[in-house]
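Notes follow the structure.
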Amino acid sequence: MWPDLAIMAYYNNEIIGCIIGSYDTVNPKKAYIAMLVVLKEYRRFKVGKKLFDEFYNRVKIAGSTKIVL
């Protein structure tokens, strides 16, 4: 429904992580994170942080002021 809130992380053409979210249908200033995953062998490389940062930037540009897990 919100393809801009499905963000993948790649390494050597392999998906190693993703974050998937949505906007609140009643309050568009609120965004939700439905899932944030990183393959075990790529943890501790800040992949999750980079995914979250990109998600945050996208919802901020869209006008959201709150993110809910």
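At-a-glance table
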{"quantity": "Hz values of 3J(HN,Hα) by residue in segment 4-17 - Karplus curve (6.51, -1.76, 1.60), Gly and Pro given as x", "calculated": "6, 9, 10, 10, 10, 10, 10, 9, 6, 6, 10, 6, 10, x"}
{"quantity": "Percent RCO, i.e. relative contact order, over the chain, from Cα pairs under 8 Å lying at least 6 residues apart", "calculated": "32 percent"}
{"quantity": "Paired Rg and Dmax values of the chain, which use every Cα atom, in angstrom", "calculated": "12.4, 39"}
{"quantity": "Folded to 0 to 90 degrees: helix 47-61 orientation relative to the chain principal axis, Cα", "calculated": "20 degrees"}
{"quantity": "Segment 1-67: trypsin sites (Lys or Arg not before Pro) in DSSP loop, at most 15 other beta carbons within 10 Å", "calculated": "29, 43, 44, 46"}
{"quantity": "Qualifying lysines (Cα of each under 16 Å from Cα of residue 66; at least 8 residues distant if same chain)", "calculated": "29, 30"}
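Read-outs: derived from the displayed coordinates by stated rules, not from any lab. Everything numeric here is computed off the predicted structure, so don't read it as measured data. Counting neighbours? That spans all protein chains shown, and the Cβs are built from the backbone with ideal geometry, glycine included.
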